1. Go ahead and estimate [θ] at 222 nm for the chain from helices alone: -39,500 (n - 2.57) per DSSP H run with n ≥ 4, summed, over the residue count, rounded to 500.
2. Among 104-116, 20-32, how do they line up from the highest to the lowest mean number of other beta-carbon atoms within 10 Å?
3. Any idea what angle helix 179-191 forms with the longest principal axis of the chain, computed on alpha-carbon atoms, 0 to 90 degrees, nearest 10?
4. Go ahead and set up a Gaussian network model of the chain, Cα springs under 10 Å, then flag whichever of ASP101, ASP150, ASP65 fluctuates most.
5. When a/c is below 1.5 the answer is rounded, else prolate if a/b is larger than b/c, else oblate, so apply that to the range 1-73 with a ≥ b ≥ c taken from the square roots of the Cα gyration tensor eigenvalues.
6. To the nearest 10 degrees, how steep is helix 11-20 against the longest Cα principal axis of the chain, on a 0 to 90 scale?
7. Using only Cα atoms, locate the centre of the range 17-59 and the centre of the range 125-193, then give the distance between them in Å, rounded to an integer.
8. Please state the shape class of the range 4-191: rounded when a/c is under 1.5, otherwise prolate if a/b exceeds b/c and oblate if not, all from the C-alpha gyration tensor.
Amino acid sequence: MSALILATRNEHKLRELREALPGVEIEPLPAGVELPPEEGVTFAENALGKARAARQAPGRAAIADDSGIEAYGLDGRPGVRSARYAGEGASDEENLSKLLDEVGRVDDRRAAYVCAIALVGEAGEETLFEGRCEGTLAREPRGTGGFGYDPAFVPADTGPEDERTMAELAPAEKHAISHRGRAARALAAHLGVEVRG
């Protein structure tokens, strides 16, 4: 299998997908390729738009992920606006601060990480893979690993006694339960690549 182009300029996502898919060669988006704005109403729409753009430019198979967090007490916000929740160009810290402030005003701290990975093959065939990770939002950020909302997201999969956030988990622990890890393993199975975890 030839290498897949990853439709992102986000170095964190590139690193995470390479870690989650050790049997798949993933190359960064070539310079000069312009990705479409993320204007879809679902993660799947945004992922497909980016994967299509990345495939057309080099003429090779491409993958793209769109992911975010949905807070139950906020009717699913920030959702597809997770990366810019506090405004265009907002930092991870600003987005997280806004989310924790708003969730602090409601009784429900449950949340879910959601990821859609789109694969557009060399011939243009399209396949979607989705993953979810349920959890709750901590009151204060903790941990230095991961990125985005990880310092406040306490995954349910680690068990009721484990209060660690995603940012406090080892990378292998995170990939085993994360939304991106689950979607990546579905992609790997489709490609016939064995991935442990």
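Quick note: the coordinates plus some simple rules give every number you see, no bench work behind them. These numbers come from a predicted model, not from an experiment. Cβ coordinates were reconstructed from backbone atoms using ideal geometry, including for glycine residues, and neighbour counts include every protein chain displayed.
1. Values: 5 runs with 56 residues, N = 197.
Mean residue ellipticity, 222 nm, calculated: -8500 deg cm²/dmol.
2. Details: 104-116: 17.2, 20-32: 14.7.
With the highest mean Cβ count within 10 Å placed first, the list reads 104-116, 20-32.
3. The helix 179-191 is inclined about 20 degrees to the chain.
4. With Cα springs under 10 Å in the chain, the top fluctuation among ASP101, ASP150, ASP65 is at ASP101.
5. Oblate.
6. It works out to around 80 degrees.
7. Their Cα centres are 20 Å away from one another.
8. It comes out prolate by the Cα gyration axes.
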